[in-house]
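Comments concern the structure below.
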Amino acid sequence: MHARCASASRITTRRGGLPIVSLNCEFSAISRMGDEVALGLSVERVGTKSLTLWLDCRRHQAGIGDHRSANAVPSRNLTKINTSTGDQQMQVLLPPAGRVRGYANGVAATGRMVFVAGMIGWDAQGVFHTDDLAGQVRQALQNIVAVLEEGGARPEHIVRMTWYVTDKREYVAAYPEIGKAFREIIGSFNAAMTAVQVADLIEDRAKVEIEVTAVIPG
């Protein structure tokens, strides 16, 4: 996504006799799914030994046919870095050159890893309820969340997703519905993603299969 700086402020105060410098900056951008995304960047330095950075994302869902209509989605903390200790649990990698929309170029994370096998669009009993691609994506994402929960992980811990689809044109045409399901079930677009068209999947009715890797901080 391409962002522009909307506002910035710098505040200097004191805490316990130490100078505190806080810098706040807000950015806005449009995601691949047509959502307006506001990024808030806050940096705080206490004295000369501590520097903490927060990257916060607020997304406004685009209405059908109107990317300007907004229904606010709750804020999600994407990145927190404590440079004084070198502790970095999750960092979304978005280099200035070659930025992408709708997902991250890469993710750096430390913690307990959870690997989710390819999930398709059937329910827990192995029954398909639709042949619609977006409907199968919704079910596959719900299946992913269920597996993550078994491992003590949540959707925001996802660092990588690989999508296998049988028809890339159908996939692209279903972007709005897929984006809606993704926002409702997963939430944020901060995972490194790959989408691949394949000749077929093992289950005849399956149109999509999604693999996930998650990292639980700690």
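Derivation of every value follows stated rules applied to the coordinates shown; laboratory data play no part. The model shown is predicted, which means the values in this text are computed figures rather than measured ones. Cβ atoms come from the backbone with ideal geometry, glycine included; neighbour counts cover every protein chain shown.
Of all the residues in segment 190-212, those that are in contact (Cβ under 8 Å) with a residue 60 or more places away in the chain and under 18 Å from Gln139 (Cα atoms) number 10. Among residues of segment 148-171 that are on the phi > 0 side of the Ramachandran plot and surrounded by fewer than 19 Cβ atoms within 10 Å (Cβ to Cβ), none has a beta-carbon under 6 Å from a residue that is among the hydroxyl-bearing types (Ser, Thr, Tyr) and assigned to a helix (DSSP H, G or I) at least six positions away or on a different chain.
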